[in-house]
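The values are calculated or read from the model by the stated rules, or taken from the named source; none is laboratory data. This structure is a prediction, so every number in the text was calculated from the model and none was measured. Note: ideal-geometry Cβ built from the backbone for every residue, glycine included; neighbour counts use all protein chains shown.
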Amino acid sequence: MRVTIYSPTAILGYGFPLESYENVLENYDIDVIACDAGSTDPGPYYLGSGKSFTDLNAVKRDLKLLLKARDKLGVPLIISTAGGSGSKVHLDMVVEVVKDIAESEKLEFKLARIYSDVDKGYLKEKLREGRISILDLDKDLTEDDIDESTRIVAQLGAEPFIKAIEEGAEVIIAGRAVDVAPFATIPIINGFDKGLTYHCSKILECGAIAAEPGSGADGMIGVVYKDYFEVTPANPSRRCTVKSVAAHALYEKDNPFILRFPGGEVDIRNSVYEQVDERTVRVSGSRYTEKPYTLLLEGVKRVGYRTISIAGVRDPILISRINEILNGVKKEVEEITGFDKGSYILQFRVYGLNGVSLWKVEYEANPVELGIIIDVVGDTREIADTVCALARSTLLHYGFEGRITTAGNLAFPFSPSDIYVGEVYEFNIHHLLRVDDPFEIAKTEYEVVGHG
(Lines give C-alpha, C1' and ligand atoms only; values in the text may rest on other atoms or scores of the structure.)
Protein backbone atom coordinates (compact mmCIF):
# COMPACT_ATOMS: atom_id res chain seq x y z
CA MET A 1 0.00 0.00 0.00
CA ARG A 2 1.16 3.52 -0.72
CA VAL A 3 -0.06 7.12 -1.03
CA THR A 4 1.15 9.31 -3.90
CA ILE A 5 1.15 13.09 -3.40
CA TYR A 6 1.55 15.69 -6.13
CA SER A 7 3.00 19.04 -5.05
CA PRO A 8 2.81 21.27 -8.16
CA THR A 9 4.75 24.31 -6.90
CA ALA A 10 6.28 25.79 -3.78
CA ILE A 11 3.54 28.43 -3.42
CA LEU A 12 0.26 28.65 -5.29
CA GLY A 13 0.71 31.43 -7.83
CA TYR A 14 4.42 30.79 -8.38
CA GLY A 15 3.46 28.70 -11.39
CA PHE A 16 4.71 25.41 -12.80
CA PRO A 17 5.62 24.18 -16.30
CA LEU A 18 2.89 22.47 -18.30
CA GLU A 19 5.45 19.78 -19.11
CA SER A 20 5.65 18.82 -15.43
CA TYR A 21 1.88 18.95 -14.96
CA GLU A 22 1.20 16.78 -18.02
CA ASN A 23 3.94 14.33 -17.06
CA VAL A 24 2.28 13.78 -13.66
CA LEU A 25 -1.20 13.31 -15.09
CA GLU A 26 0.01 10.83 -17.69
CA ASN A 27 2.49 8.77 -15.68
CA TYR A 28 1.52 8.75 -12.00
CA ASP A 29 -1.36 7.30 -10.01
CA ILE A 30 -2.03 10.36 -7.83
CA ASP A 31 -4.00 10.15 -4.57
CA VAL A 32 -4.00 13.85 -3.65
CA ILE A 33 -2.93 17.20 -5.08
CA ALA A 34 -1.64 19.44 -2.31
CA CYS A 35 -0.17 22.93 -2.31
CA ASP A 36 0.89 25.49 0.25
CA ALA A 37 -0.14 29.01 -0.76
CA GLY A 38 1.65 31.30 1.64
CA SER A 39 4.53 32.28 3.86
CA THR A 40 5.69 34.97 6.28
CA ASP A 41 8.82 35.44 4.14
CA PRO A 42 7.43 38.57 2.38
CA GLY A 43 6.97 40.20 5.78
CA PRO A 44 4.01 41.42 7.84
CA TYR A 45 2.46 43.81 5.29
CA TYR A 46 0.26 41.25 3.56
CA LEU A 47 -1.35 39.92 6.71
CA GLY A 48 -1.94 43.45 7.94
CA SER A 49 -3.27 44.86 4.68
CA GLY A 50 -5.35 41.84 3.69
CA LYS A 51 -3.68 41.72 0.29
CA SER A 52 -2.23 38.70 -1.49
CA PHE A 53 1.52 38.68 -2.06
CA THR A 54 1.02 36.37 -5.04
CA ASP A 55 -0.69 37.85 -8.07
CA LEU A 56 -4.32 36.68 -8.25
CA ASN A 57 -4.11 36.18 -12.02
CA ALA A 58 -1.19 33.80 -11.43
CA VAL A 59 -3.12 32.10 -8.63
CA LYS A 60 -6.07 31.66 -10.97
CA ARG A 61 -3.86 30.14 -13.66
CA ASP A 62 -2.49 27.56 -11.20
CA LEU A 63 -5.87 26.82 -9.64
CA LYS A 64 -7.56 26.33 -12.99
CA LEU A 65 -5.09 23.62 -13.96
CA LEU A 66 -5.21 21.97 -10.54
CA LEU A 67 -9.01 21.98 -10.32
CA LYS A 68 -9.24 20.40 -13.77
CA ALA A 69 -6.66 17.78 -12.76
CA ARG A 70 -8.60 17.07 -9.56
CA ASP A 71 -11.77 16.58 -11.56
CA LYS A 72 -10.06 14.29 -14.06
CA LEU A 73 -8.33 12.15 -11.41
CA GLY A 74 -11.14 12.16 -8.86
CA VAL A 75 -8.79 13.02 -5.98
CA PRO A 76 -8.81 15.75 -3.31
CA LEU A 77 -7.22 19.15 -3.91
CA ILE A 78 -5.93 20.69 -0.68
CA ILE A 79 -4.67 24.29 -0.44
CA SER A 80 -3.35 25.86 2.78
CA THR A 81 -2.53 29.45 3.83
CA ALA A 82 -4.80 30.82 1.13
CA GLY A 83 -3.98 34.23 -0.27
CA GLY A 84 -0.46 34.18 1.10
CA SER A 85 -1.24 34.99 4.74
CA GLY A 86 -4.28 32.86 5.44
CA SER A 87 -6.65 35.24 7.22
CA LYS A 88 -10.39 35.20 6.50
CA VAL A 89 -10.11 37.97 3.93
CA HIS A 90 -7.34 36.08 2.11
CA LEU A 91 -9.20 32.77 2.21
CA ASP A 92 -12.46 34.25 0.93
CA MET A 93 -10.55 36.01 -1.85
CA VAL A 94 -9.20 32.67 -3.12
CA VAL A 95 -12.57 30.95 -2.77
CA GLU A 96 -14.07 33.53 -5.13
CA VAL A 97 -11.38 32.61 -7.66
CA VAL A 98 -12.22 28.93 -7.20
CA LYS A 99 -15.92 29.61 -7.78
CA ASP A 100 -15.20 31.59 -10.94
CA ILE A 101 -13.15 28.69 -12.29
CA ALA A 102 -15.80 26.14 -11.35
CA GLU A 103 -18.42 28.18 -13.19
CA SER A 104 -16.36 28.72 -16.34
CA GLU A 105 -15.06 25.13 -16.51
CA LYS A 106 -18.35 23.50 -15.47
CA LEU A 107 -16.83 21.76 -12.45
CA GLU A 108 -18.72 20.64 -9.37
CA PHE A 109 -17.35 19.58 -5.98
CA LYS A 110 -17.83 19.80 -2.23
CA LEU A 111 -15.71 22.65 -0.90
CA ALA A 112 -14.44 23.08 2.66
CA ARG A 113 -13.22 26.43 3.97
CA ILE A 114 -11.06 26.10 7.07
CA TYR A 115 -10.60 29.40 8.88
CA SER A 116 -7.73 29.96 11.30
CA ASP A 117 -8.39 33.52 12.49
CA VAL A 118 -7.95 34.02 16.22
CA ASP A 119 -10.53 35.96 18.23
CA LYS A 120 -8.96 38.64 20.44
CA GLY A 121 -11.21 37.91 23.42
CA TYR A 122 -10.38 34.21 23.22
CA LEU A 123 -6.66 34.98 23.04
CA LYS A 124 -6.78 37.26 26.08
CA GLU A 125 -8.45 34.46 28.02
CA LYS A 126 -5.68 32.04 27.03
CA LEU A 127 -3.07 34.64 27.98
CA ARG A 128 -4.57 34.89 31.48
CA GLU A 129 -4.53 31.09 31.72
CA GLY A 130 -0.78 31.09 31.05
CA ARG A 131 -1.09 29.13 27.79
CA ILE A 132 0.99 31.49 25.62
CA SER A 133 4.78 31.33 25.54
CA ILE A 134 7.61 33.26 23.90
CA LEU A 135 8.99 31.99 20.61
CA ASP A 136 11.34 34.48 18.95
CA LEU A 137 10.12 38.02 19.62
CA ASP A 138 11.95 37.98 22.95
CA LYS A 139 9.02 39.49 24.84
CA ASP A 140 5.96 38.20 26.61
CA LEU A 141 2.65 38.73 24.90
CA THR A 142 0.45 41.40 26.47
CA GLU A 143 -3.21 42.31 26.16
CA ASP A 144 -2.10 45.59 24.55
CA ASP A 145 -0.32 43.57 21.84
CA ILE A 146 -3.55 41.71 21.18
CA ASP A 147 -5.63 44.90 21.05
CA GLU A 148 -3.16 46.62 18.70
CA SER A 149 -3.12 43.75 16.22
CA THR A 150 -4.80 44.26 12.87
CA ARG A 151 -5.20 40.52 12.26
CA ILE A 152 -4.20 37.39 14.15
CA VAL A 153 -4.02 33.87 12.69
CA ALA A 154 -2.79 30.52 13.97
CA GLN A 155 -0.86 27.87 12.06
CA LEU A 156 -3.27 24.94 12.11
CA GLY A 157 -2.08 21.35 12.15
CA ALA A 158 -3.25 18.54 9.87
CA GLU A 159 -6.23 17.49 12.03
CA PRO A 160 -8.81 19.98 10.65
CA PHE A 161 -7.82 18.94 7.10
CA ILE A 162 -8.25 15.26 7.99
CA LYS A 163 -11.69 15.93 9.43
CA ALA A 164 -12.76 17.88 6.34
CA ILE A 165 -11.74 15.00 4.04
CA GLU A 166 -13.52 12.49 6.27
CA GLU A 167 -16.64 14.64 6.02
CA GLY A 168 -16.57 14.48 2.24
CA ALA A 169 -14.64 17.57 1.16
CA GLU A 170 -13.21 17.24 -2.34
CA VAL A 171 -11.52 20.67 -2.37
CA ILE A 172 -10.13 22.32 0.74
CA ILE A 173 -9.18 25.99 0.82
CA ALA A 174 -7.69 26.68 4.22
CA GLY A 175 -6.40 29.64 6.16
CA ARG A 176 -3.03 29.79 7.87
CA ALA A 177 -1.64 26.33 8.53
CA VAL A 178 1.65 24.64 9.16
CA ASP A 179 3.16 24.09 5.73
CA VAL A 180 3.10 20.27 5.88
CA ALA A 181 -0.62 19.99 6.70
CA PRO A 182 -2.10 19.57 3.18
CA PHE A 183 0.54 17.02 2.18
CA ALA A 184 0.27 14.93 5.35
CA THR A 185 -3.52 14.69 5.36
CA ILE A 186 -4.16 11.66 3.14
CA PRO A 187 -1.18 9.56 4.37
CA ILE A 188 -2.29 10.06 7.99
CA ILE A 189 -5.88 9.15 7.14
CA ASN A 190 -4.52 5.93 5.65
CA GLY A 191 -2.51 5.11 8.76
CA PHE A 192 1.00 5.78 7.51
CA ASP A 193 3.84 6.54 9.90
CA LYS A 194 3.83 10.18 10.99
CA GLY A 195 7.61 10.44 11.02
CA LEU A 196 7.87 9.43 7.38
CA THR A 197 4.74 11.35 6.42
CA TYR A 198 5.81 14.65 7.97
CA HIS A 199 9.39 14.39 6.68
CA CYS A 200 8.12 13.71 3.16
CA SER A 201 5.60 16.55 3.49
CA LYS A 202 8.30 18.98 4.58
CA ILE A 203 10.18 18.26 1.37
CA LEU A 204 7.08 18.43 -0.82
CA GLU A 205 5.84 21.77 0.49
CA CYS A 206 8.78 23.48 -1.22
CA GLY A 207 7.92 22.14 -4.66
CA ALA A 208 11.08 21.20 -6.56
CA ILE A 209 13.50 23.11 -4.34
CA ALA A 210 14.97 19.81 -3.11
CA ALA A 211 15.80 18.78 -6.69
CA GLU A 212 18.75 19.51 -8.99
CA PRO A 213 18.45 22.09 -10.36
CA GLY A 214 16.16 23.32 -7.63
CA SER A 215 13.09 25.46 -8.29
CA GLY A 216 10.18 26.84 -6.32
CA ALA A 217 8.20 27.15 -9.55
CA ASP A 218 8.02 23.45 -10.35
CA GLY A 219 6.62 20.30 -8.79
CA MET A 220 7.56 17.19 -6.86
CA ILE A 221 6.03 13.74 -6.41
CA GLY A 222 6.14 12.07 -3.00
CA VAL A 223 5.18 8.45 -2.43
CA VAL A 224 4.75 7.28 1.17
CA TYR A 225 5.12 3.55 1.91
CA LYS A 226 4.99 1.61 5.16
CA ASP A 227 8.71 1.86 5.97
CA TYR A 228 10.00 4.66 3.73
CA PHE A 229 9.06 7.40 1.28
CA GLU A 230 10.38 8.39 -2.13
CA VAL A 231 10.57 11.77 -3.83
CA THR A 232 10.91 12.44 -7.56
CA PRO A 233 10.70 15.77 -9.45
CA ALA A 234 7.60 16.21 -11.60
CA ASN A 235 9.76 17.70 -14.35
CA PRO A 236 11.79 15.11 -16.30
CA SER A 237 14.60 17.65 -16.67
CA ARG A 238 15.23 17.68 -12.90
CA ARG A 239 16.42 14.97 -10.54
CA CYS A 240 16.57 14.28 -6.82
CA THR A 241 19.90 13.22 -5.39
CA VAL A 242 20.86 12.09 -1.92
CA LYS A 243 22.70 15.38 -1.50
CA SER A 244 19.83 17.59 -2.70
CA VAL A 245 17.22 15.86 -0.53
CA ALA A 246 19.35 15.56 2.60
CA ALA A 247 20.47 19.19 2.25
CA HIS A 248 16.86 20.30 2.38
CA ALA A 249 17.03 19.74 6.14
CA LEU A 250 19.10 22.95 6.27
CA TYR A 251 16.37 25.00 4.57
CA GLU A 252 14.69 27.56 6.89
CA LYS A 253 15.37 25.60 10.07
CA ASP A 254 17.00 26.49 13.37
CA ASN A 255 17.83 22.81 13.89
CA PRO A 256 18.58 20.60 10.87
CA PHE A 257 17.91 17.42 12.86
CA ILE A 258 14.47 18.17 14.33
CA LEU A 259 11.31 19.09 12.40
CA ARG A 260 8.72 20.64 14.73
CA PHE A 261 4.96 20.56 14.16
CA PRO A 262 1.88 21.45 16.25
CA GLY A 263 1.53 18.06 17.98
CA GLY A 264 5.01 16.64 17.84
CA GLU A 265 8.41 16.57 16.20
CA VAL A 266 10.33 14.44 13.73
CA ASP A 267 13.89 13.39 14.49
CA ILE A 268 15.80 12.96 11.22
CA ARG A 269 19.28 12.41 12.70
CA ASN A 270 19.11 8.72 11.81
CA SER A 271 17.28 9.11 8.51
CA VAL A 272 18.80 7.10 5.66
CA TYR A 273 18.92 8.49 2.12
CA GLU A 274 19.30 6.14 -0.84
CA GLN A 275 19.50 6.81 -4.58
CA VAL A 276 16.83 4.54 -6.12
CA ASP A 277 17.34 5.62 -9.70
CA GLU A 278 18.73 8.63 -11.51
CA ARG A 279 15.87 10.90 -10.42
CA THR A 280 14.46 9.32 -7.24
CA VAL A 281 15.62 9.26 -3.62
CA ARG A 282 14.30 6.94 -0.90
CA VAL A 283 14.25 8.04 2.75
CA SER A 284 13.73 5.87 5.83
CA GLY A 285 14.37 6.07 9.55
CA SER A 286 12.59 9.35 10.36
CA ARG A 287 11.06 9.10 13.84
CA TYR A 288 8.03 10.98 15.21
CA THR A 289 7.51 11.85 18.88
CA GLU A 290 4.29 13.26 20.32
CA LYS A 291 4.61 16.61 22.09
CA PRO A 292 2.15 19.02 23.75
CA TYR A 293 -0.09 20.49 21.07
CA THR A 294 0.93 24.06 20.31
CA LEU A 295 -0.12 26.47 17.57
CA LEU A 296 2.09 29.24 16.26
CA LEU A 297 0.30 32.59 16.48
CA GLU A 298 1.00 35.35 13.95
CA GLY A 299 -0.27 38.87 14.52
CA VAL A 300 0.66 42.24 13.06
CA LYS A 301 0.10 45.86 13.98
CA ARG A 302 0.33 49.00 11.89
CA VAL A 303 3.31 51.16 12.81
CA GLY A 304 3.12 53.90 10.19
CA TYR A 305 3.19 54.88 6.53
CA ARG A 306 6.13 54.68 4.13
CA THR A 307 7.33 57.06 1.40
CA ILE A 308 10.58 56.50 -0.51
CA SER A 309 12.70 58.23 -3.10
CA ILE A 310 15.23 56.39 -5.29
CA ALA A 311 18.34 58.16 -6.55
CA GLY A 312 21.83 57.52 -7.88
CA VAL A 313 25.16 59.18 -7.14
CA ARG A 314 28.32 59.20 -9.27
CA ASP A 315 30.29 62.13 -7.85
CA PRO A 316 33.53 60.59 -6.48
CA ILE A 317 33.97 63.35 -3.90
CA LEU A 318 30.46 62.94 -2.55
CA ILE A 319 30.88 59.16 -2.50
CA SER A 320 34.07 59.44 -0.48
CA ARG A 321 32.21 61.44 2.18
CA ILE A 322 28.79 59.78 1.93
CA ASN A 323 28.30 58.92 5.62
CA GLU A 324 29.23 62.42 6.76
CA ILE A 325 26.89 63.97 4.18
CA LEU A 326 23.92 61.75 5.02
CA ASN A 327 24.30 62.52 8.72
CA GLY A 328 24.33 66.20 7.85
CA VAL A 329 21.15 65.83 5.78
CA LYS A 330 19.40 64.06 8.67
CA LYS A 331 20.27 66.88 11.02
CA GLU A 332 19.02 69.56 8.64
CA VAL A 333 15.76 67.71 8.01
CA GLU A 334 15.13 67.46 11.75
CA GLU A 335 15.54 71.22 12.08
CA ILE A 336 13.40 72.10 9.05
CA THR A 337 10.38 69.82 9.58
CA GLY A 338 9.58 70.73 13.14
CA PHE A 339 8.10 67.26 13.58
CA ASP A 340 8.71 65.41 16.80
CA LYS A 341 11.63 63.04 16.22
CA GLY A 342 9.52 60.14 17.47
CA SER A 343 6.93 60.71 14.73
CA TYR A 344 9.10 59.41 11.91
CA ILE A 345 12.12 57.28 11.03
CA LEU A 346 14.44 58.48 8.25
CA GLN A 347 16.90 55.96 6.81
CA PHE A 348 19.23 56.03 3.83
CA ARG A 349 19.76 52.64 2.20
CA VAL A 350 22.99 53.05 0.24
CA TYR A 351 23.37 50.26 -2.30
CA GLY A 352 26.95 49.65 -3.28
CA LEU A 353 27.98 50.60 0.26
CA ASN A 354 25.56 49.35 2.93
CA GLY A 355 22.17 48.97 1.32
CA VAL A 356 21.68 45.35 2.31
CA SER A 357 23.30 45.23 5.73
CA LEU A 358 22.26 48.74 6.86
CA TRP A 359 25.43 49.09 8.89
CA LYS A 360 28.50 50.97 7.81
CA VAL A 361 30.98 48.91 5.83
CA GLU A 362 34.49 50.17 5.29
CA TYR A 363 35.95 49.70 1.80
CA GLU A 364 39.58 50.00 0.80
CA ALA A 365 38.46 51.59 -2.48
CA ASN A 366 35.41 53.77 -3.06
CA PRO A 367 32.75 52.47 -5.46
CA VAL A 368 32.26 54.29 -8.76
CA GLU A 369 28.59 54.94 -8.09
CA LEU A 370 25.96 54.42 -5.39
CA GLY A 371 22.24 53.83 -5.38
CA ILE A 372 20.46 55.60 -2.53
CA ILE A 373 16.96 54.93 -1.27
CA ILE A 374 15.57 57.60 1.02
CA ASP A 375 13.25 55.60 3.26
CA VAL A 376 10.81 57.36 5.58
CA VAL A 377 8.22 55.80 7.87
CA GLY A 378 5.93 58.34 9.52
CA ASP A 379 3.07 58.23 11.98
CA THR A 380 0.91 59.60 9.16
CA ARG A 381 1.22 59.66 5.40
CA GLU A 382 1.56 63.45 5.52
CA ILE A 383 4.59 63.18 7.80
CA ALA A 384 6.19 60.49 5.62
CA ASP A 385 5.63 62.50 2.44
CA THR A 386 6.96 65.72 3.97
CA VAL A 387 10.09 64.22 5.51
CA CYS A 388 10.91 62.29 2.34
CA ALA A 389 10.51 65.41 0.19
CA LEU A 390 12.71 67.47 2.48
CA ALA A 391 15.37 64.74 2.72
CA ARG A 392 15.39 64.38 -1.05
CA SER A 393 15.69 68.11 -1.77
CA THR A 394 18.24 68.64 1.00
CA LEU A 395 20.47 65.83 -0.25
CA LEU A 396 20.00 66.96 -3.86
CA HIS A 397 21.50 70.40 -3.12
CA TYR A 398 23.63 69.61 -0.07
CA GLY A 399 26.93 71.46 -0.06
CA PHE A 400 30.07 69.65 1.02
CA GLU A 401 33.76 70.36 1.17
CA GLY A 402 35.44 69.72 -2.18
CA ARG A 403 32.23 70.00 -4.18
CA ILE A 404 32.92 71.34 -7.68
CA THR A 405 29.54 71.39 -9.39
CA THR A 406 26.75 73.64 -8.17
CA ALA A 407 24.06 71.49 -9.78
CA GLY A 408 22.28 68.55 -8.19
CA ASN A 409 24.04 65.75 -6.37
CA LEU A 410 21.48 63.08 -7.31
CA ALA A 411 20.16 61.43 -10.47
CA PHE A 412 16.51 60.29 -10.27
CA PRO A 413 15.35 57.36 -12.46
CA PHE A 414 11.65 58.15 -11.93
CA SER A 415 9.32 61.11 -12.07
CA PRO A 416 7.65 61.65 -9.65
CA SER A 417 10.74 61.07 -7.58
CA ASP A 418 8.84 60.46 -4.32
CA ILE A 419 6.86 57.22 -4.14
CA TYR A 420 4.22 56.55 -1.48
CA VAL A 421 4.53 52.85 -0.64
CA GLY A 422 1.65 52.44 1.81
CA GLU A 423 0.97 51.27 5.33
CA VAL A 424 3.78 49.68 7.31
CA TYR A 425 3.23 46.73 9.64
CA GLU A 426 5.36 44.74 12.03
CA PHE A 427 4.91 41.38 13.68
CA ASN A 428 3.89 42.01 17.28
CA ILE A 429 2.63 38.46 17.89
CA HIS A 430 4.79 35.48 17.05
CA HIS A 431 4.14 33.27 20.07
CA LEU A 432 3.09 29.71 20.84
CA LEU A 433 -0.38 28.83 22.09
CA ARG A 434 -0.83 25.54 23.95
CA VAL A 435 -4.23 23.99 23.25
CA ASP A 436 -5.98 20.85 24.45
CA ASP A 437 -7.92 20.38 21.22
CA PRO A 438 -6.38 20.61 17.71
CA PHE A 439 -9.75 21.96 16.51
CA GLU A 440 -9.90 24.75 19.09
CA ILE A 441 -9.12 27.50 16.58
CA ALA A 442 -10.27 25.98 13.28
CA LYS A 443 -13.72 26.81 11.95
CA THR A 444 -14.85 24.80 8.92
CA GLU A 445 -17.66 25.61 6.50
CA TYR A 446 -18.92 23.38 3.67
CA GLU A 447 -20.71 24.11 0.43
CA VAL A 448 -21.27 22.51 -2.93
CA VAL A 449 -19.62 24.59 -5.65
CA GLY A 450 -20.21 24.30 -9.36
CA HIS A 451 -22.53 24.59 -12.31
CA GLY A 452 -24.88 21.93 -10.94
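Observations on the model:
- In segment 199-225, residue surrounded by the fewest Cβ atoms within 10 Å (Cβ to Cβ) [restricted to those that are more than 20 Å from the chain's Cα centre (by Cα) and assigned to a loop (DSSP other than H, G, I, E, B)]: Pro213
- Filter result for Arg113 (out of contact with any His (no Cβ under 6 Å at 6 or more places or on another chain), in a helix (DSSP H, G or I) and either not polar (S, T, N, Q) or not assigned by TED's automatic domain parsing to the domain that holds Met220 (or both)): no
- Of all the numbered requirements in (1) within 23 Å of Gly299 (Cα to Cα); (2) crowded, with 18+ Cβ neighbours inside 10 Å, Lys124 misses one, and that requirement is (2).
- Residue check: Phe192 meets all listed conditions (1) farther than 26 Å from Val89 by Cβ; (2) touching a residue at least 40 places away in the same chain (Cβ under 8 Å); (3) part of a helix (DSSP H, G or I) but one, namely (3).
- Residues in segment 29-59 that are assigned to a helix (DSSP H, G or I) and not small (Gly, Ala, Ser) were compared, and the one that is surrounded by the fewest Cβ atoms within 10 Å (Cβ to Cβ) is Asn57.
- Any hit, segment 306-324, residues being closer than 30 Å to Val368 by Cα, under 22 Å from the mean Cα position of the chain (by Cα) and in the same structural domain as Ala391 (by TED's automatic domain parsing): yes
- Only one of the listed residues (Asp136, Asp140, Asp62) is of a type in the set (Asp, Glu), within 23 Å of Ile11 (Cβ to Cβ) and part of a loop (DSSP other than H, G, I, E, B). That residue is Asp136.
- Looking only at residues in segment 90-106 that are in contact (Cβ under 8 Å) with a residue 60 or more places away in the chain and over 21 Å from Phe161 (Cβ atoms), the one that is surrounded by the most Cβ atoms within 10 Å (Cβ to Cβ) is Glu103.
- Hits in segment 17-38 (condition: in contact with a helix residue (DSSP H, G or I) (Cβ under 7 Å, 6 or more places away or on another chain) and either of a type outside the set (A, V, I, L, M) or more than 16 Å from Ala69 (Cβ to Cβ) (or both)): Tyr21, Asp31, Cys35, Asp36, Ala37, Gly38
- Considering segment 43-74, and only residues there that are of a type in the set (Asp, Glu) and closer than 16 Å to Val94 by Cα, the residue that is modelled with the lowest pLDDT turns out to be Asp55.
- Options Gly452, Gly355, Gly399; residue that is touching an Asp or Glu at 6+ places or on another chain (Cβ under 6 Å), assigned to a loop (DSSP other than H, G, I, E, B) and either modelled with pLDDT under 95 or surrounded by 14 or more Cβ atoms within 10 Å (Cβ to Cβ) (or both): Gly452
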